[in-house]
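Peer 1: The structure is given below, and queries will be raised subsequently.
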Amino acid sequence: MPSRPTIAVLTDFGQEDPYVGQMKGVLAGLAPEATVVDISHQVRPFDVMQGAFYLAASWRFFPEGSVLVGVVDPGVGTERRLVIGKREGRFFLGPDNGLLALVFGPNSGEATGERVWELTMPPVSVARSNTFHGRDILAPAAAKLAQGVDPRRLGRPLDPEALHRPAWAAPEQRGRETMAHILHVDRFGNCLLNLPESLWPEAGLERVELLAPLLQPLTPVRTYAEIPAAGVGVLVGSQGYWELAANQGNAAAVLGLAPGMRIAMECSGAACPPHIS
């Protein structure tokens, strides 16, 4: 555990309201020795998928011992679970609504030593609101984890396979055809897919074609500058996921795509995997 533990916070709260500041106030009071870092507070309201992508794309950049707290929680106060997860020395906290689904992929718990607990610690902040579990439950739990408290004191073990995983959490493979979802469209119009680099080897792709929702040849490239003019490329981007992009253009606008849409692609070449799902 680092001498100054890191607590990273991701929410859909925006910056206009006092909600982020209140969470940070709780963290400062309970874990004053921790460094608190903002991943983002600009997740679209209630957009669990975008929050899950931001979390999955960011966690590896935090040191071991970090605690990452995600609060995108449309079901706050209902019977949905709050969970703690541990992967590669980092802790994750959030509602079990798909927010952790990209970090804790299916059938990966035994291979990677992932652990998950259902958080049962009662609210400990002054307000104890039914509508702000990020401040009243998750932030205090994050402070305890940052201070080295064993997660078994905060909750009961949960099978990682029992985590809620929406349809967008993993691609599907049928022969050479891959069905994927668009997790995020960035400000440049790049369409980031739920297709991690590890599932599609970069080397050896000869041809990729978008089959649905429209037919469009895709050029496998390594950089945006290699994408032909008026064409669309497919490449592994900086976030560790495959994406569709245009050279100094907006691929989402060219293809008519938006976050959450399901696409189908077909590839050929030695790199095409025989099976993904």
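The values are calculated or read from the model by the stated rules, or taken from the named source; none is laboratory data. The shown structure was predicted, so the numbers you read here are calculated from the model rather than taken from an experiment. Backbone-built Cβ (ideal geometry, glycine too); neighbour counts: all protein chains shown.
Peer 1: Which one of Ile7, Ile84 is more than 21 Å from Pro160 (Cα to Cα), crowded, with 20+ Cβ neighbours inside 10 Å and under 21 Å from the mean Cα position of the chain (by Cα)?
Peer 2: Ile7
Peer 1: Please work out which one of (1) free of Cβ contacts under 8 Å to residues at least 24 places away in the same chain; (2) crowded, with 22+ Cβ neighbours inside 10 Å is the condition Ala127 fails and give its number.
Peer 2: Every condition holds for Ala127 apart from (2).
Peer 1: Could I ask something else about it? In this structure, is Ala225 surrounded by 18 or more Cβ atoms within 10 Å (Cβ to Cβ) and assigned to a helix (DSSP H, G or I)?
Peer 2: no
Peer 1: Still on this structure, I have one more. Any idea which residue in the stretch 224-269 is modelled with the lowest pLDDT, counting only those that are more than 18 Å from Val208 (Cα to Cα) and touching a helix residue (DSSP H, G or I) at 6+ places or on another chain (Cβ under 7 Å)?
Peer 2: My answer is Gly240.
Peer 1: Cβ contacts < 9 Å: first residue polar (S, T, N, Q) and at pLDDT 95 or above, restricted to the stretch 87-106; second residue surrounded by 24 or more Cβ atoms within 10 Å (Cβ to Cβ) and in a loop (DSSP other than H, G, I, E, B), any location; separation 6+ or different chain. Result?
Peer 2: Correct list of pairs: Asn97/Val72; Asn97/Asp73.
Peer 1: Condition test on Cys272, is it farther than 30 Å from Arg81 by Cα, buried (at least 18 other Cβ atoms within 10 Å of the Cβ) and modelled with pLDDT under 95?
Peer 2: Answer is yes for this residue.
Peer 1: Further, regarding this structure: Go through (1) touching a residue at least 40 places away in the same chain (Cβ under 8 Å); (2) part of a strand (DSSP E or B); (3) crowded, with 20+ Cβ neighbours inside 10 Å for Ala52 and report which single condition fails.
Peer 2: That leaves (2) as the condition not met.
Peer 1: Suppose we keep only residues that are assigned to a loop (DSSP other than H, G, I, E, B) and either outside the structural domain of His181 (by TED's automatic domain parsing) or under 23 Å from the mean Cα position of the chain (by Cα) (or both) within the stretch 228-249. Which one would you say is nearest to Ser198 (Cα to Cα)?
Peer 2: Taking the candidates together, the pick is Gly240.
Peer 1: Being among the small types (Gly, Ala, Ser) and part of a loop (DSSP other than H, G, I, E, B) is the filter here, so list the residues in the stretch 1-13 that pass it.
Peer 2: If the condition is that a residue be among the small types (Gly, Ala, Ser) and part of a loop (DSSP other than H, G, I, E, B), then Ser3 is the only one that fits.
Peer 1: Of the residues in the stretch 229-244, how many are farther than 29 Å from Phe61 by Cα and touching a Ser or Thr at 6+ places or on another chain (Cβ under 6 Å)?
Peer 2: Going through the stretch 229-244 one residue at a time, the tally reaches 1.
Peer 1: Now, a different point. Look at the stretch 140-178 and say how many of its residues are part of a helix (DSSP H, G or I), more than 20 Å from Ala56 (Cβ to Cβ) and not basic (Lys, Arg).
Peer 2: Residues flagged as part of a helix (DSSP H, G or I), more than 20 Å from Ala56 (Cβ to Cβ) and not basic (Lys, Arg) within the stretch 140-178 amount to 5.
Listed here are the residues, each with its yes/no results for (1) assigned by TED's automatic domain parsing to the domain that holds Arg152; (2) assigned to a helix (DSSP H, G or I); (3) buried (at least 21 other Cβ atoms within 10 Å of the Cβ).
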position	(1), (2), (3)
Gln15	yes, no, no
Gln22	yes, yes, no
Gly29	yes, yes, no
Glu33	yes, no, no
Val43	yes, no, yes
Arg60	yes, yes, no
Gly77	yes, no, no
Phe92	yes, no, yes
Leu102	yes, no, yes
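Peer 1: Follow-up. Read through the list (1) outside the structural domain of Leu55 (by TED's automatic domain parsing); (2) part of a strand (DSSP E or B); (3) modelled with pLDDT of 95 or more, then give the number of the only condition that Leu195 fails.
Peer 2: Here Leu195 clears every test but (3).
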